[in-house]
1. Nearest 10 degrees is fine. How inclined is helix B:82-112 to the longest principal axis of chain B, computing both from alpha carbons?
2. So for B:79, A:91, fewest C-beta neighbours within 10 Å to most, what's the order?
3. Could you work out the relative contact order of the stretch A:20-142? I mean the mean sequence separation of Cα pairs under 8 Å and 6+ apart, divided by the number of residues, in percent.
4. Ratio of alpha-carbon Rg to the 2.2 N^0.38 Å globular estimate for chain B, to two decimals, please.
5. Using the Kirkwood formula on the Cα atoms of the stretch A:20-142, what hydrodynamic radius do you get, in angstrom to one decimal?
6. Normalise the Debye intensity by I(0) for the protein assembly as shown, one equal point scatterer per Cα, no solvent, then take log10 at q = 0.12 Å⁻¹ and round to two decimals.
7. Add -39500 (n - 2.57) for each DSSP H run of 4 or more in chain B, then divide by its residues: what number comes out at 222 nm, to the nearest 500 deg cm²/dmol?
8. I'd like the FRET efficiency for residue B:37 and residue A:61, computed as 1/(1 + (r/R0)^6) with the beta carbon distance as r and R0 of 25 Å, rounded to 0.05.
């Protein structure tokens with residue numbers, strides 16, 4: 001008989017717990033958090049841009065609301081999130097295609113997962129470093145006084 | 001009905017395609033000082049440029065598909081049952097279509113606007 005109810009009993013708590021699986025779990029967690037953050041920004045951006053259709057005054061009123069230090073800080077966060085999400089997403093596409101996972105081997109104590117090798121770990125670090133660099137560049141544009 | 005593996009291929013393809021079109025969209029904000037690029041006349045001129053308007057529409061569609069499918073995947077990871085899966089799928093598809101329709105309306109109206 002087919003079982004329809006397969007509830008994940010840990011729910012949100014299980015999803016957010018980065019403790020048990022090391023770096024891969026942190027990457028998993030950040031990929032989803034940045035994804036949700038970017039989706040929220042995307043919907044907000046589509047709404048914000050629609051003020052254009054109400055003319056010059058509505059557009060400028062929206063700019064007064066968003067082109068503030070707080071608005072620029074949010075944009076910086078979006079730049080960091082989008083860079084990490086893109087770089088880590090490309091790593092995940094390769095990983096899901098079986099690239100960079102290493103060869104399967106006999107499980108010997110202390111049972112380090114072969115799949116989480118230096119390529120995967122460095123991929124996560126590269127994504128984090130690229131996000132930091134993009135945020136620094138974004139800060140120079142947004143707060144550079146141009 | 002699409003298989004989950006086919007949906008994930010669409011997810012990856014829309015993600016990679018979005019990278020390129022969003023890069024062009026950001027570059028358009030950097031070809032002149034950032035504040036100037038956001039002035040009403042400059043933004044309207046962007047929308048009058050047909051290739052750029054098509055690019056904006058493609059960004060809208062690609063990110064809406066990628067984003068709302070990503071949300072669907074996250075929600076399905078948290079809980080699994082036939083009712084929940086159907087509910088999440090319907091809600092994300094409706095939200096995706098709503099955002100695409102609303103954004104498309106902006107692009108079409110702004111394309112026909114005169115300068116301020």
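What follows draws every value from the coordinates through simple rules; no lab data is involved. Only a predicted model underlies this, so the values are computations on that prediction, with no experimental measurement involved. Cβ coordinates were reconstructed from backbone atoms using ideal geometry, including for glycine residues, and neighbour counts include every protein chain displayed.
1. It is inclined by approximately 10 degrees.
2. Details: B:79 16, A:91 21.
With the sparsest Cβ surroundings first, the list reads B:79, A:91.
3. Computed value for the stretch A:20-142: 32 percent relative contact order.
4. For chain B, the normalised Cα radius of gyration is 1.29.
5. 16.9
6. -0.84
7. Estimated from H runs of four or more residues: -29500 deg cm²/dmol.
8. Values: r = 18 Å, r/R0 = 0.73.
Working from the Cβ atoms, E equals 0.85.
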